[in-house]
Amino acid sequence: MSVRDVYSNIYSTFHSVRESLIPVLKNSKFKETGCLTPEEFVAAGEFLVYKCPTWSWESGLTEKNRDYLPKDKQFLVTRNVPCLRRAKQMELTEDDDETRQVNGEGDDEKDEDGWMYTHSSRVTKTMDEIAQTIMDDEEEEEKLKKNMEALNLDKDKQIPLDEIPDLDDIPDMEDEVVEEDDPAIAQEQQNDSNLSDNDKILQVRTYDVFITYDKYYQTPRMWLFGYDEQRRPLSSSRVFEDVNQDYVKKTVTIDTHPHLNMNLASIHPCKHAEVMQKIIERMGDGVSAGLAEKGQETGIRVDQYLIIFLKFMSSVVPTIDYDHTISA
């Protein structure tokens with residue numbers, strides 16, 4: 001057993017004891033602190049599964065079930081998530097914007113425990129941008145719905161049935177065109193015939209991504225289990241290749257999954273509530289008016305928590321592409 005495994009086991013035991021001493025959060029503190037009750041976590045999970053069916057609930061091991069969560073909804077998982085590049089390939093160049101770090105007091109001074117917003121083609125760098133992106137997506141979706149509802153075909157402009165030409169009267173283009181043999185195409189077809197079906201599929205790393213409820217921090221927690229291009233489990237060091245290097249062995253460590261007998265890479269949840277609270281404050285009542293009903297309080301809804309959570313988690317794992325099908 002390595003030193004890392006010993007440390008992981010000790011920390012997991014410590015965390016389990018500490019978690020058992022903390023009472024279950026009963027009253028909602030979502031907007032005040034960014035924390036979730038178990039019921040709110042389930043509601044947010046249901047919304048995530050509805051919006052992105054690649055996510056699903058699992059029960060895990062019976063002996064590891066938490067009684068404050070439904071037996072069949074202990075944690076969320078999405079499998080076979082592609083990871084096309086290593087995180088190091090996403091590093092900033094001199095021409096890119098500077099990385100911004102926000103500490104617990106909300107200023108821009110460097111703090112080892114602060115939250116880093118890094119550059120990525122699909123990752124926003126500040127909480128304001130995350131909030132704005134979410135609002136823009138909602139407004140665009142609402143505008144599209146309204147346009148579809150307002151769509152009305154003008155019956156006066158419809159072509160009479162007797163004026164529509166018979167398909168049999170339209171000449172077939174293949175009958176009119178005589179194709180010449182192209183040697184380049186012939187060579188390409190020959191090369192394709194020599195390839196097996198597997199050779200034609202792009203082989204990439206994939207990940208199983210888990211989301212659990214952390215009773216101590218009262219927030220979701222993300223876990224990662226990776227496979228190489230041949231579907232063999234990745235070692236810890238290779239998993240860290242797909243993590244932003246600012247977080248390796250600091251925010252992201254190897255810990256024991258609370259519902260499975262597995263040691264996985266985990267993004268530590270100590271800053272999750274704080275970051276979420278700041279996003280809630282910045283969004284304020286900026287939610288699209290079309291999405292709010294009369295008398296309804298505007299802002300981020302608690303069931304949207306995991307959608308937003310996954311968006312800011314992508315700054316830690318910028319190349320694990322779990323976010324591309326999610327829309328809130």
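Considering only residues of region 228-252 that are touching a residue at least 60 places away in the same chain (Cβ under 8 Å) and in a loop (DSSP other than H, G, I, E, B), which is surrounded by the fewest Cβ atoms within 10 Å (Cβ to Cβ)? Once the filter is applied, the top-ranked residue is Lys250. What do you reckon, is Ile300 modelled with pLDDT under 90, assigned to a helix (DSSP H, G or I) and open to solvent by less than 40 Å² (accessible area, probe 1.4 Å)? Against the criterion (modelled with pLDDT under 90, assigned to a helix (DSSP H, G or I) and open to solvent by less than 40 Å² (accessible area, probe 1.4 Å)), Ile300 does not qualify. All of Pro23, Pro53 fail the test of being at pLDDT 55 or above, open to solvent by 90 Å² or more (accessible area, probe 1.4 Å) and either closer than 25 Å to Thr319 by Cα or of a type in the set (Phe, Trp, Tyr) (or both), apart from Pro53.
If you take the residues in region 58-88 that are among the hydrophobic types (A, V, I, L, M, F, W, C) and open to solvent by less than 40 Å² (accessible area, probe 1.4 Å), which one is nearest to Tyr247 (Cα to Cα)?
Narrowing region 58-88 to residues among the hydrophobic types (A, V, I, L, M, F, W, C): 61, 69, 75-77, 81, 83-84, 87.
Restricting the remaining residues to those that are open to solvent by less than 40 Å² (accessible area, probe 1.4 Å) gives 69, 75-77, 81, 83, 87.
On the way: Leu69: 30, Phe75: 24, Leu76: 23, Val77: 22, Val81: 21, Cys83: 18, Ala87: 11 Å.
Per the criteria, the residue is Ala87.
The values are calculated or read from the model by the stated rules, or taken from the named source; none is laboratory data. Keep in mind that this is a model prediction, so the values were computed, not measured. Here the Cβ is made from the backbone with ideal geometry for all residues, glycine too, and neighbour counts use every protein chain on show. Only protein heavy atoms, including side chains, enter the accessible area calculation; ligands, DNA and RNA are left aside. Shrake-Rupley method; radii C 1.70, N 1.55, O 1.52, S 1.80 Å.
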